[in-house]
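A.B. asks: Sharing a structure, written as structure tokens. Questions coming.
The values are calculated or read from the model by the stated rules, or taken from the named source; none is laboratory data. Since this is a predicted model, take the numbers as computed values, not measurements. Reconstructed Cβ throughout: ideal geometry from the backbone, glycine too, with neighbour counts over all protein chains shown. Ligands, DNA and RNA are stripped out before the accessible areas are found, and what is left, the full protein with its side chains, is counted by its heavy atoms. Shrake-Rupley method; radii C 1.70, N 1.55, O 1.52, S 1.80 Å.
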Amino acid sequence: MEDLIKVTGDLEVTLSDEFGNVKETFNFKNLVVTTGKNHIAARLGSSATAISHMAIGSGTVDPAASDTTLGTELGRVALTSTTVNTNVVTYVATFGAGVGTGAVTEAGLFNAASAGTMLCRTKFSVINKSASDTLTISWNVTIN
């Protein structure tokens, strides 16, 4: 008997202005990188630190399984929530005014405030985040 486990991810990115008005909403798929898969296995044995931070960046290189960092990190924040619903873990982070400002093209999930282990990485079309904008990302990781 063969049982295949697959880890996938998708995220919703919402850009809001300084008054909280939604300017744009985007949906993207991501790549669960090799270090992320190893992290999941380590968490099953309770030996790895939980995912606690999300970062955004301006890198333009496509994600690869061997990635351990973003191409060019613009900002990293602690997660505002982590929820588990059956086989889906949802990570949420908010990049407030002045955090991660610029041409945002990538995002990643990490288990530390700096460096750490990267679980997932995604690259997308430019989202221009001005200094007064807020960017909220809700990231689902599904284990099938």
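A.B. asks: Give me the accessible area per residue for the chain, probe 1.4 Å, as a whole number in Å².
C.D. replies: I get 51 Å² per residue for this part.
A.B. asks: Within the range 6-87, what whole-number % of the accessible surface is contributed by carbon and sulfur, with the 1.4 Å probe and all protein chains included in the calculation?
C.D. replies: 51
A.B. asks: Still on this structure, I have one more. Sum up the lysine pairs in the chain that clear both bars: alpha-carbon distance under 24 Å and a spacing of 8 or more or different chains.
C.D. replies: Value for the chain: 9.
A.B. asks: For a quick check: with amide H placed at 1.01 Å from N, whose amide H comes under 5 Å from THR72's, ignoring anything fewer than 5 positions away on the same chain?
C.D. replies: Amide H neighbours of THR72, under 5 Å, 5+ apart: SER58, GLY59.
A.B. asks: Considering the options LEU135, ASN111, VAL99, tell which one lies farthest towards the positive end of the dipole of the range 39-144, charges being +1 on Lys and Arg and -1 on Asp and Glu at the Cβ, about the Cα centre.
C.D. replies: ASN111
A.B. asks: Explain nothing, just the number: dipole magnitude of the range 4-144 about its Cα centre with +1 on each Lys and Arg Cβ and -1 on each Asp and Glu Cβ, in debye rounded to the nearest 20.
C.D. replies: The dipole of the range 4-144 has a size of about 440 debye.
A.B. asks: What ³J(HN,Hα) values, in whole Hz, does the Karplus curve 6.51 cos²θ - 1.76 cosθ + 1.60 give for the range 117-122 when θ = phi - 60°, with x put for Gly and Pro?
C.D. replies: Karplus-based 3J(HN,Hα) across the range 117-122 equals 9, 8, 8, 9, 9, 9 Hz.
A.B. asks: Whole-Hz ³J(HN,Hα) for each residue in the range 84-101, computed from phi via Karplus 6.51 cos²θ - 1.76 cosθ + 1.60 with θ = phi - 60°, x for glycine and proline: what do you get?
C.D. replies: Those phi angles translate into 10, 10, 6, 9, 10, 9, 10, 10, 10, 9, 10, 9, x, 3, x, 9, x, 6 Hz.
A.B. asks: A further question on this structure: Show the residues, 5+ positions off or on another chain, whose built amide H is closer than 5 Å to the amide H of ALA112.
C.D. replies: SER52, HIS53, THR117
A.B. asks: Moving on. Can you tell me what the convex hull of the Cα atoms of the range 1-135 projects to on average, as an area in nm²?
C.D. replies: Over all viewing directions, the range 1-135 projects a mean Cα-hull area of 8.8 nm².
A.B. asks: Still on this model: Using Cα-Cα distances under 8 Å and only pairs 6 or more residues apart, what relative contact order does the range 25-80 have, in percent?
C.D. replies: Details: 56 pairs, mean separation 21.2, N = 56.
Result for the range 25-80 is 38 percent.
A.B. asks: Roughly what % of Cα-Cα distances in the range 26-67 sit above 13 Å, to the whole percent?
C.D. replies: Numbers: 573 of 861 pairs.
Pairs farther apart than 13 Å: 67 percent.
A.B. asks: Separate question: What angle, in degrees between 0 and 90 and rounded to the nearest 10, separates the Cα long axis of helix 34-44 from the longest principal axis of the Cα atoms of the chain?
C.D. replies: That helix lies at roughly 60 degrees to the long axis.
A.B. asks: Could I ask something else about it? With the Cα gyration tensor of the range 88-144 in hand, convert its eigenvalues to equivalent ellipsoid semi-axes via √(5λ) and list them largest first in whole Å. Each step should come with its number before you reach the end.
C.D. replies: Details: eigenvalues 93, 34, 26 Å².
Taking √(5λ) for each Cα gyration eigenvalue gives 22, 13, 11 Å.
A.B. asks: If amide hydrogens are placed 1.01 Å from N in the peptide plane, which non-local residues have theirs closer than 5 Å to the one on THR49?
C.D. replies: Distant-sequence amide H within range of THR49: zero hits.
A.B. asks: While we're on this one: So for each of 6-19, 103-116, 73-86, 48-61 I average, over its residues, the number of other beta carbons within 10 Å; can you give me the resulting order with the highest mean first?
C.D. replies: 103-116, 48-61, 6-19, 73-86
A.B. asks: I need two numbers for the range 48-100: Rg to one decimal and Dmax as a whole number, Cα atoms only, in Å.
C.D. replies: Reported Rg and Dmax, both Å: 12.9, 35.
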